[in-house]
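Here's the structure, in structure tokens; my notes come after.
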Amino acid sequence: MYKRLIFISLIFGLLYSGGSQNLNEAAVKQYVATYHSIAQSCGTEYHIPASILLAQALVYTKAGTNHLAKFPNNHMAVTCLKTDVDNRYQQDNNPNNLCFRKYVTVEESYKDYLNRIKENAIYAPLFKLQETDYKGWAMGLQKIGHSTNPNYGTILINLIETYQLTQYDLQPTIESKLEPKEPVIVEMPIVVEIDPSLLESINKKNEPAKPDSVVNIPQEPTFQVTLTDSNNIPEQIQVVSIENNQNVSVPVVPEPKPIVSKVYTIFDTTGLKTVYYPYSDRPVYLKDGLKFIIAAKNDTFEKISKSVQLPETHLRLYNDLYEYKYEPVEGEVVYIQKKKNKSKVEYHTIEMGESLRYISQIYGICLEKIIEKNEDANLGIGYILCISCKK
């Protein structure tokens, strides 16, 4: 199932907001020389640029000089889970009382961090990028709210380019660098076999062959194709039969149009109940105890997050969005608090264009809960979906 966003190192966006200018150059070079092989092997295994891993570790460990690097071997600032008992580390003068995981080796900390984000659906689009696209990774991490620092992506890019960390990324092979060539079309010559006696006859008379001596070379079949367009009648292809010279009509099956998933929108606010919300000038509505706003034209989650004073990452999680490039459409309902686990409605029949997320938005139910109650692989149109039924 989808997991909540792991708030790894969010606090570090504030602690190290200075970025690369606060790092000692000699310490950076020493760190890279010591740990670049770990970043390379982990980058290859998890399909992520090694330069991104090195830049992140440089920020979180202050180039290997802070307490996270020296004591718990935690180079990615991974925080504790509830299940962590013997591998917990807390600094005595930690003002935020944060608990970090303790590792035996540095490589273990890299892999634990990568396993966490690999299992988290919100990071899934990043793993589809090329393994050399460090800029895509950097700005993608910033976009999904991996750090509270609004310049997180720029900091990573500056570190990578300043210290030429891309040299440790997986390099494309020679074959992949070659431009694709145009396909070569080879025309096969037509071989004609002629009776030798005919050649002798021609040579003797030294004159063109008679009409009845002409060799007929069979031609490739030819087809005459005409298309008729009609709003109600499918296109017909008229094929001229070589054998009996008759026209045969073959219907053309049109390609099916893609089904566009519905979006839960509200344009008529008549009858909607508004609620006092001191953190925003936008009207905030209430439905079944859930607060939500209605997206305006050209709205973005970044704009909405600033207007309601909530992190963009929280908004996407509240609305079960794991595609970080998705932006709301005009009139779309955007919840500003976590959706419920139950609803008054027990069942819902899936209709054309309805996705599970769309249905979860309608009823204000966490998508994860709907998936848990409906583990059938044959979900589709007409399927009776359990919303809050007892199973």
Could you tell me how far the Cα centroid of the stretch 106-147 sits from the Cα centroid of the stretch 336-375, in Å?
28
Descending semi-axes in whole angstrom, ellipsoid equivalent of the stretch 273-386, from the Cα gyration tensor
26, 15, 12
From the cross-link list K82/K338; K29/K325; K118/K143; K118/K344; K325/K369, which pairs have alpha carbons spaced over 28 Å apart?
K29/K325; K118/K344
Trypsin sites (Lys or Arg not before Pro) within the stretch 262-346, DSSP loop, no more than 14 other Cβ atoms inside 10 Å
K297, K325, K338, K342, K344
Over all Cα pairs of the stretch 12-172, the Kirkwood radius sets Rh, and Rg/Rh then becomes 0.93
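FYI, it's all coordinate maths here, none of it is from the lab. If you're wondering where the values come from, they're calculated on a predicted model, not measured in any experiment. Here the Cβ is made from the backbone with ideal geometry for all residues, glycine too, and neighbour counts use every protein chain on show.
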